[in-house]
1. Inspect all residues belonging to region C:107-128 and state whether any of them is under 18 Å from the mean Cα position of the chain (by Cα) and either farther than 26 Å from C:Glu34 by Cα or among the aromatic types (Phe, Trp, Tyr) (or both).
2. Check off (1) among the hydrophobic types (A, V, I, L, M, F, W, C); (2) away from chain A (no Cβ under 14 Å); (3) without any contact (Cβ under 8 Å) to a residue 40 or more places away in the chain for C:Leu201 and give me the number that stays unchecked.
3. Report yes if some residue within region B:194-201 is β-branched (Val, Ile, Thr) and surrounded by 24 or more Cβ atoms within 10 Å (Cβ to Cβ); otherwise report no.
4. Can you find, within region C:152-170, the residue that is nearest to the other protein chains (Cβ to nearest Cβ) among those that are without any contact (Cβ under 8 Å) to a residue 60 or more places away in the chain and closer than 21 Å to A:Leu210 by Cα?
5. Out of contact with any strand residue (DSSP E or B) (no Cβ under 9 Å at 6 or more places or on another chain) and within 16 Å of C:Ala165 (Cα to Cα) - does that describe any residue in region C:80-97?
6. Looking at (1) in contact with an Asp or Glu (Cβ under 8 Å, 6 or more places away or on another chain); (2) at pLDDT below 80, which is the only condition B:Leu163 fails?
7. Which of the residues that make up region C:15-46 are of a type in the set (Ser, Thr, Tyr) and either on the phi > 0 side of the Ramachandran plot or not assigned by TED's automatic domain parsing to the domain that holds C:Ser278 (or both)?
8. Can you name the condition, by its number, that B:Val121 falls short on among (1) hydrophobic (A, V, I, L, M, F, W, C); (2) away from every other protein chain (no Cβ under 14 Å); (3) under 30 Å from A:Leu284 (Cα atoms); (4) out of contact with any helix residue (DSSP H, G or I) (no Cβ under 6 Å at 6 or more places or on another chain)?
Amino acid sequence: MTVVVFLGVYAIGNPVDILIPDDATAAERDLAIQSLGLDKPLLTQYTTFLSNLLRGDLGTSFVYNIPSIDLILLRLPATLELAFCALFIAIVIGLPLGLLCGLRPGSRLDKTVMGASIIGFSIPNFWQGLMLIMLFSVMLGWLPSTGRGELGTVFGIETSLATWDGLRHLLLPAINLSLYKLSLMIRLTRSGVREVMYLDYVRFARAKGLSEVRIVMVHIMKVVLVPIITVVGMEFGSLIAFATVTETIFAWPGMGKLIIDSIMRLDRPVIAGYLVVIVLLFVLINLLVDIAYSLLDPRIRLGGEPNDR
Amino acid sequence: MIDDIIQEQPWRRAWRHYRQSRFAVIALIVCSIIILAAVFAPWLAPQNPYDLNVIDFFDSKLPPGSSAPTGFIYWLGTDGQGRDMLSAMLYGLRISLFVGVLSGLIAILIGMALGLVAAYVGGWIEALIMRVVDFMLGFPTILVALMLLAILGQGVDKVIFALILVQWAYFARAVRSAALVERQKEYVEAAQSLGLSQPRIMFGHIMPNCLAPVIVLGTMQVASAISTEATLSFLGLGLPITEPSLGLLISNGYSNMLSGRYWISLYPGLLLLLTVFSINVVGDRLRDVLNPRLSR
Amino acid sequence: MRKLVLDIQNLTTRFESAEGIANALDSLSLEIYEGEVVGLVGESGSGKSMTGYSIMGLVEHPGSIVGGSIHYRGQDLRLLDPEQIRNLRGDRIAMIFQDPMMSLNPVLRVDTQLVETLKAHRSIQKKEALQRAIELLQAMGIPSPEIRLRQYPHELSGGMRQRIAIAIALLLEPDLIIADEPTTALDVTIQAQIIHEFQTLIEDRGTSVLWITHDLAVASTMADRLAIMYAGQIVEQGPAEDILARPMHPYTQGLLRSIPSRNIRGKPLQQIPGSAPSLTRLPSGCAFAPRCDQATPLCELTPPLKQITAIRSARCHHPREIDA
């Protein structure tokens, strides 16, 4: 894994040409190459990389001249904030809508929402962001188009959710990021409900004379939620990935924008650092999702098979 | 009694089912128009956007409907270089579709082959293939594509390569699942007992029965590939400016948006949206039609 | 004079699909009195389960009840609004399904599924509801009920799961229990146990039971009266012993002949020729005629319901006794 990362990052491009001004003398050039360690053989560079990695040192950014790990961690909270907000929107709107559609298949509500959801995941993320800016910032002037707003402190964490200005800046990018997830959420919930709705235990619950509300909220939802939560967990990772686009458009100072800029500028330590952080993050997410799944589905937790006789 | 035995051809029945949604039929028509427009772009476009003799810089950033001193009408306006938007869009569509469809097709071939092998042969080969598939699918496509292009640099072939790489795993997994189910069925045993060779059974017998999920997935993946390529181009990592796809056109218009010249980003975006949307609608409908479980 | 608990008259339940119209139930009439067990016997596709669902109002799209009446203690169930029906279900009329693994919700604990039934029909605190559940399980002879209650369905054996389903049915002391093939999914030995336990329970409480099964042998051990179903209709009805000793309808006769224990060793197993008809393409007249060895041209007309004695009836043109 590390070999892949290293080879990928250290073999591309030619940072020498980028970082060292063209009018530098040969001597200055050599000095720069030496100090950046670009002249050592590839294998040496790799071992240094590996040993640094184990010490938590992912190199120093060519551009900013601070340790890349610090740089990434600095920008991580902004991305996480954005991702969580987008997830929140997707769940709060998507789950109930999907539920309603699933309970009334073929109805006008169902068809309209399903059609809209296809639009939702067909719209190219970036274009949608541009249009949002166009509509709400340029034409209507309601919301700011770029940047992150003022930060406040809640429970010791700095976040833009705490200030009105922060919220104003957060709204458009969060909506932009959430749209794709929202459509997915609606469709997922709907199909889950439709599958469960006709199963015997729902019929049995009805035969017991339970109220419709209880049947839907407890019997159906609890079963449907299990796969949904696992999907949501996995999708959180893709939220962080898509944030790269959103952050670029809205100039949101997060990890995503950092990586795009770094790729453009061939800031290899940062790229390497980002890759490592991302991989770690995904492993963590997968682990959490597995745990959540086993907690929620008693069949897994207590060692039975789903259709034990 | 004979009437019971003669059944409708599967294709006909599928088409009849598909036809029941007017929306889906319209989407299919739109798809076809778009594909035709892309294929015949050089003949349809009023102006060749690459021909430097025709483009007049002083005509740049004109709103839709305005006309050039030569009397030529820019139906959808012009972009920052003075290119006719309509023509640029048609050519851009051509490239976007080309890249999306080509990468999709190759990904299908690779994924299907690997999926079939995994399902039929089993053992450590299957384990190995599926490990790789799981690994690849654990990461969001856009991220992998981003990283790949960061390493490989720009170029049409590199973009296609990256797109293939992120897509094949979906097909491999889908085909393997379908093939595993088919493998248990009796006709495989029958073919084996007839002494047919393994590859023949795999590709001749099992594969045709796995096509349904591939068709559905393939449609949606092509749409996704087009969208991904557009995103990459927008970010500046995709196709080079010598071959502008719709994504690049949109990105060119980005800076003009804040000054109110919306059309440079709007129209290519709408075309992109329409393309991806109609393909997705067709794919979605196909999924309902070809899925035996949901026929309620 | 025994009191009537359930009075079904000319009930017709219809399904419309692309393949055609099928009457799962065709003018079905059945009476169930207090304290008796009625065995509803038929092959799959005969409409027996649909009878249960129709009574409970659980017929799902694309099916619907299109004719007839279902009177529960004088009230026509078809005229009630959804809320009234909901109140009856589980409380006055309860149902047990065939496969308890499918009918118990896998992600909810056993006690939740028992308590919610009580709370849906009585205003009762959770603690008291739990207490009642424990008492019932104890009365049913289930060991360590407190432990069982805290388990999930998949942790229990098949027999235990069905006992829980039975407990849920008995919780509110209903007048009528509709048991839809409750032992079919169980091992034979467990089957016998459950049937025996069930019999004791309902006898103690005087509950009426509609026992739906395809197994004539099982029905004969349980039932006071039998109703034999074919292609959506009841073709023979009467006291169980009477029907078993002197069947009148050719279908019933065929069923009895084909029970393995009734066949003589060495001779070929007797079967009813042909197979059950598709409900969308029923022959005109008697539905059983194509397979009947006593059919005459008269059978192309719809057979009337012949009242053979005050308590026996058969839907046939030529009901007659055969040497059993």
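1. Scanning region C:107-128 turns up no residue that is under 18 Å from the mean Cα position of the chain (by Cα) and either farther than 26 Å from C:Glu34 by Cα or among the aromatic types (Phe, Trp, Tyr) (or both).
2. It is condition (3) that C:Leu201 fails.
3. no
4. The residue in question is C:Tyr152.
5. Yes, there is a match, as at least one residue in region C:80-97 is out of contact with any strand residue (DSSP E or B) (no Cβ under 9 Å at 6 or more places or on another chain) and within 16 Å of C:Ala165 (Cα to Cα).
6. Checking B:Leu163 against (1) in contact with an Asp or Glu (Cβ under 8 Å, 6 or more places away or on another chain); (2) at pLDDT below 80, the one that fails is (2).
7. C:Ser27
8. (3)
The values are calculated or read from the model by the stated rules, or taken from the named source; none is laboratory data. Everything numeric here is computed off the predicted structure, so don't read it as measured data. Cβ: placed from backbone, ideal geometry, glycine included. Neighbour counts: every protein chain shown.
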